[in-house]
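The values are calculated or read from the model by the stated rules, or taken from the named source; none is laboratory data. Quick caveat, the model's predicted, so the values are computed rather than measured. All Cβ positions, glycine included, derive from the backbone under ideal geometry; neighbour counts span all protein chains shown. Heavy atoms of the whole protein, side chains included, go into the accessibility calculation; ligands, DNA and RNA do not. Shrake-Rupley method; radii C 1.70, N 1.55, O 1.52, S 1.80 Å.
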Amino acid sequence: MSLKTLDNSLEILNYFTRETPSWGVRELAKEMGISHSIVYRTLASFEKYGFLEQDPLSKKYELGLRFLEFGQMVKEKMRLSELVYPVMKRLAEQVEESIFLTWLDKADGVTVEIAESAHRIKYDVSLGTRTPLYVGASCKVIMAFLPQDKQQEIISNGLKAFTKNTILDEEKLLKDLDEIKEKGWCYSVGEFSDSVFGLGVPLFNSKNEIIASLTISGPEYRAEEMNTKEALNVLQKAAGKIQDYLKHYSSNYR
C-alpha cells in the first residue's frame with residue numbers, strides 16, 4: 001500500500017462523524033470528489049476487518065465495533081476509570097452536576113470520561129464527542145493555553161456557529177481567550193448547545209503543556225442556583241488531583 005492510498009483511506013474514515021454517521025459509496029465519492037471505485041474498495045476493506053459495517057437494507061456503511069475495542073484499549077491504557085473517574089464522581093456529587101474530562105486532539109476537544117449528575121435533566125454528551133476548540137468552556141479553556149500560532153491556525157480554518165452565542169468574530173474570540181488564560185478558568189453559556197452552561201479549568205502534562213480540561217456542565221437554569229465561586233474552588237481542587245495523575249501518564253506515554 002502506498003502512502004497516498006493510506007492517506008486516502010484514512011481521509012475516508014474522517015467523513016464518518018456524528019452529523020454523518022453513515023455513507024453510501026456513490027454519495028461519499030461525490031462528497032470527496034474521487035472515483036467511486038476507489039471508495040468502494042476502501043470501504044469494503046474496512047468492512048472486511050471490522051472497522052466498518054454495511055447496512056443490509058440501505059447498503060450504507062457505518063463505523064464498526066473494532067473502533068469501540070480500540071477506544072476501550074486506549075481508555076484502559078490511560079487508566080481513566082480506575083484513577084480519574086472516582087475523583088470526577090465525587091466532584092459530580094459535590095456540585096450536583098455532570099463532570100467532563102475533555103482531551104486535546106489537534107483542533108478539537110474529545111470527551112474521554114464523564115461522571116454524570118444524579119439529576120434527571122442533565123447535559124447529555126456521550127464519550128467520544130468531538131467539539132471544535134473555539135466553542136464552549138471545556139474546549140476554550142484548552143485553546144486559551146495553546147500557542148498563538150496554533151490559535152490563529154484554528155481560527156483561519158473557519159469558525160462555525162453552533163448557537164446564536166457562538167463567538168465568530170476573530171478579535172472578540174482572541175480577547176476572550178486572553179481573559180480565560182489570565183484568570184485560569186472559563187465560564188460559558190449556550191455557545192455549543194442552547195441553554196447549557198460550562199465551567200472549565202485546564203489540565204497540563206509534565207512539560208506544562210495543555211492537554212485536557214475538566215468541566216462542570218448542566219442546564220442553564222440550574223447555574224443560577226449554583227455558587228460559582230464555591231464550585232470553581234472544588235473544581236480546581238479536583239483538577240489538581242487529576243493533573244497529578246495526568247502528568248505521570250503524559251511523561252510515560254507522550
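The table that follows gives values for the structure above.
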| read-out | value |
| --- | --- |
| Top-ranked residue of region 23-46 - restricted to ones that are open to solvent by less than 40 Å² (accessible area, probe 1.4 Å) and of a type in the set (Gly, Ala, Ser), ranked as farthest from THR131 (Cα to Cα) | ALA44 |
| Looking only at region 70-95, and only at residues there that are at pLDDT below 90 and among the acidic types (Asp, Glu), the one that is farthest from the chain's Cα centre (by Cα) | GLU82 |
| Exclusive hit being open to solvent by 80 Å² or more (accessible area, probe 1.4 Å) and either within 16 Å of GLY136 (Cβ to Cβ) or touching a Leu at 6+ places or on another chain (Cβ under 7 Å) (or both), set ASP178, ASP169, ASP194 | ASP194 |
| Condition met for GLU31 (within 29 Å of ASN157 (Cβ to Cβ), in a helix (DSSP H, G or I) and without any contact (Cβ under 8 Å) to a residue 60 or more places away in the chain) | yes |
| Given (1) touching a strand residue (DSSP E or B) at 6+ places or on another chain (Cβ under 9 Å); (2) closer than 25 Å to TYR85 by Cβ; (3) loosely packed, with under 13 Cβ neighbours inside 10 Å, number of the condition GLU230 does not satisfy | (1) |
| Which listed residue is touching a helix residue (DSSP H, G or I) at 6+ places or on another chain (Cβ under 7 Å) and part of a helix (DSSP H, G or I), from LYS241, LYS237 | LYS241 |
| Failed item in (1) more than 30 Å from ILE155 (Cβ to Cβ); (2) surrounded by fewer than 13 Cβ atoms within 10 Å (Cβ to Cβ); (3) out of contact with any Asp or Glu (no Cβ under 8 Å at 6 or more places or on another chain), with THR17 passing the rest | (1) |
